[in-house]
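Asks: I am attaching a structure below and will ask some questions about it afterwards.
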Amino acid sequence: MQYVTQVLLALVIMLILRKFYRQYKNDFYLLWSWSWLALAINIFGSCVSLANAFLLPLDHPFRILMSIITVAASFLQILWLYSGTLEISRNQRMNRKLVKLISYAIVPITIVLVLISFDNSDAGASRIFFRVGIKSLLAGVIFITCAIMLFRMTQTGIGIRFIIFSFLSYGLLQFNYFLEVLLELYLIDYPLEVPYYAGAIDIFLLALMGLGMIISVLEVEQHNLKKANSELDTFLYRSSHDLRAPLTTISGIVSVIRATDDPEKKEEFFNAIQDRLLQADNVIRDIITLRKGQKMDLSIIEINLVGEIEKEYQCLVDPNKKYPKLTLESHGEDLIYTDSARLHTILTNILGNAIKYHDMNSKNPEIRVRIESADKGKNIIISDNGPGIDQKHLPKIFEMFYRANKASNGTGLGLYLVKDALEHMGGSIGVSSEKGKGTTFEIYLKDMEQTIRKDI
């Protein structure tokens, strides 16, 4: 009954986390759901192995196969749990190639552990140590490590606290199992006898762990909803202000025009009106781009990044004027499957800012772009040797309507649009800058070829 309860509990939590992943598209939900599926397989395999312990000989292929599946599932559970916890606690994506490599390595390692003394009826303690003891030791280390990672998070709700407590307790329980098996191997009496209700403790900790994960997901999405509402309030206030300001100025200029007969003054005022209308048009255009970007489905095509960057640069510069030189360097394959409209938004704003704020009187004004291969995508590093950004502004430059340069006539939405576009594409962006020496943006662009295949 205990095993059935644990399997059903693990499967229910797995399905709930899969539902969250399909809705919110956060990778750690998927990784955690895989860990619960692996746990269900592990427990089910253990149940089958125990049922056949007195029916089949030690070297029977079915018993060996079930042992391999059970031990491999336990290792995979630990791997996926650690990967998901790393992503939620540090907002750091574990290298998928490394995860795959470890997953593949688990199979031969498991086979070796299972085959040790598999046909020796006198080596029961040794067999249990390699099949259960090592797994329990690793599980204890990983669960406690995960608890420490979550404890160091700056924002922890009740869900994360539940997970921390259950991870610590479950980790200590696994250490207890390891010590019991280890001492039995050396024929030493274990001083702490496992109580008869240990199975109930396991179920309680697993239930608490699953409940904590579900609550933490709801807390994360509640935080995102509050953030979205805050951004909406800011958006409505600032956009209405940025649209009203030029209209108010134009109204004042029109009153002045009516009071003067000087043609030169009128021409100057008309130019000022045109500038204010252009300012309002920029705000409206960025608002439309933002709204379209948030509602528009992904339109993925194969793009040559070198050609696309060169094309965007040529569209931004006037051939009759002086602009910083573009230096483009590529390492590896230039082709990538990505959303063309959102890539246009990203490149237009980053390159546009590098061009717009460059000091053409400086020595050798230049924009350097380097393309590098990355895990399932490309890194695009865009650097300039312009005036740079003050360190105090860097944490805020991707916020809605934030202007690091108060003298700028921009809308303050450009870099926010870049970040929003990358989030929809599964990418990311970072920035480093030094006042007077230039700015560097590092963009991670995910290759979305697999997304096309799934849609097909």
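Readers should treat all values here as calculations from the given coordinates under stated rules, not as data from a laboratory. Because the structure is a prediction, the values reported are computed rather than measured. Cβ: placed from backbone, ideal geometry, glycine included. Neighbour counts: every protein chain shown.
Asks: Would you calculate the separation in nanometres between label points at L335 and D119, each defined as 7 Å from the Cα along the Cα-to-beta-carbon direction?
Replies: 5.2
Asks: Which value, in Å³ per residue, describes the convex hull spanned by the Cα atoms of the stretch 2-225?
Replies: 122
Asks: May I ask you to work out the translational diffusion coefficient for the chain at 10 °C, viscosity 1.306 mPa s, via Stokes-Einstein with Rh from the Kirkwood sum over Cα pairs, reported in whole µm²/s?
Replies: Translational diffusion coefficient: 60 µm²/s.
Asks: Okay, next question. How much space per residue, in cubic angstrom, does the convex hull of the C-alpha atoms of the stretch 298-455 take up?
Replies: 113
Asks: If you don't mind, there's one more thing I want to ask. May I ask you to list the aspartates and glutamates whose Cα is less than 17 Å away from that of K100, ignoring any residue fewer than eight positions away on the same chain?
Replies: Leaving aside aspartates and glutamates fewer than 8 places away in the same chain, those within reach of K100 are D27, E87, D375.
Asks: Count charges around E219 for me, please; just the other residues with Cβ under 11 Å from its Cβ, Lys/Arg as +1, Asp/Glu as -1.
Replies: Net of charged neighbours comes to +1.
Asks: So what is the relative contact order of the chain, in percent, for Cα pairs below 8 Å that sit 6 or more residues apart?
Replies: Answer for the chain is 10 percent.
Asks: For labels at D233 and L247 in the simple 7 Å Cα→Cβ model, what's the distance in nm?
Replies: About 2.4 nm, to one decimal.
Asks: May I ask for the equivalent-ellipsoid semi-axes of the stretch 133-197, computed as the square root of five times each C-alpha gyration tensor eigenvalue and listed largest first in whole Å?
Replies: Ellipsoid half-lengths, sorted descending, are 29, 12, 7 Å.
Asks: Then there is this: Run lengths n ≥ 4 of DSSP H only: what is the helix-derived mean residue ellipticity at 222 nm for the chain, with -39500 (n - 2.57) per run over all residues, to the nearest 500?
Replies: Estimated from H runs of four or more residues: -22000 deg cm²/dmol.
Asks: So how many Å³ per residue does the convex hull of the Cα atoms of the stretch 294-384 work out to?
Replies: Output value, Cα hull per residue: 105 Å³.
Asks: Another question about this same structure. Arranged by the count of other C-beta atoms within 10 angstrom, fewest first, what order do F54, F151, F28, F20 take?
Replies: Least crowded to most crowded, the residues run F54, F151, F20, F28.
Asks: Rounded to the nearest 0.05, what FRET efficiency is calculated for C315 and L50 with R0 set to 56 Å and r the Cβ-Cβ distance?
Replies: 0.25
Asks: For the pair K392 and I188, how long in nm is the line joining their label points, each one 7 Å along Cα→Cβ?
Replies: 6.1
Asks: Next up: Exactly which GluC sites (Glu not before Pro) in the stretch 303-389 are in a DSSP loop and have at most 15 other Cβ atoms within 10 Å?
Replies: E333
Asks: Still on this model: Please list log₁₀ I(q)/I(0) at q = 0.17, 0.18, 0.21, 0.22 Å⁻¹ for the stretch 63-121, using the Debye equation with identical point scatterers on the alpha-carbon positions.
Replies: Scattering profile of the stretch 63-121, log10 relative to I(0): -0.62, -0.66, -0.79, -0.84.
Asks: Of the listed peptides 138-149, 345-356, 100-111, 423-434, what is their order by residue-averaged count of other C-beta atoms within 10 Å, with the highest listed first?
Replies: Ranking the peptides 138-149, 345-356, 100-111, 423-434 by packing returns 345-356, 138-149, 423-434, 100-111.
Asks: Order of K378, K311 from fewest to most other C-beta atoms within 10 Å?
Replies: Ascending Cβ contact count within 10 Å gives the list K311, K378.
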